[in-house]
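Quick note: the coordinates plus some simple rules give every number you see, no bench work behind them. Every value quoted in this text rests on a predicted model; they were computed, and no experiment measured them. Backbone-built Cβ (ideal geometry, glycine too); neighbour counts: all protein chains shown.
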Amino acid sequence: MNTILVCLDTSASASRVLDEVKKLAQRLQSGIALFHVVEPVAAYVPVGASMDVIATAPPLAEEDQTGLAKQRLEGLAAPLRGLGLDVTCDAALGMAVDEIVDRAQMLHVDFIVLGSHGHGALFHLFSGSVVNGVLKRSPIPVLVVPVRD
């Protein structure tokens, strides 16, 4: 069976991504793995600091966020399961691009699906883009769903 890794940020735009994934999964008779990454929160970042200087929030708070994200994914999975689709849900703590690429390889998925918010160049200058990072690093085909009208 084919498997599609669907990476969601659990925002309102997730429904647009899931609409497209539902169609794709039904056509390809694929399973769906819903996935969310909780990124560590920087407590203090001095100007010019490297990544090893960044401290994360207390682990308990991040574990709670991961658990809440998984619960939200389970809620999004229910309608898909009602259509007879095989859906799993998971959340992880880490850097989004790394976690997505690693999870895709670990699960031996056939496709990665991401939503693109279409933020402007200034946003990407300061925060980068998960979509761009996954496109650059993934050996697995990536489908990008535009979520902005």
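Quick check on LEU28: is it of a type in the set (A, V, I, L, M, F, W, C) and buried (at least 22 other Cβ atoms within 10 Å of the Cβ)?
Numbers: of a type in the set (A, V, I, L, M, F, W, C): yes; buried (at least 22 other Cβ atoms within 10 Å of the Cβ): no.
Considered against the rule, which asks whether it is of a type in the set (A, V, I, L, M, F, W, C) and buried (at least 22 other Cβ atoms within 10 Å of the Cβ), LEU28 comes out as no.
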### Task
May I ask you to list the residues in the range 96-114 that are charged (D, E, K, R) and not in a helix (DSSP H, G or I)?
ASP110
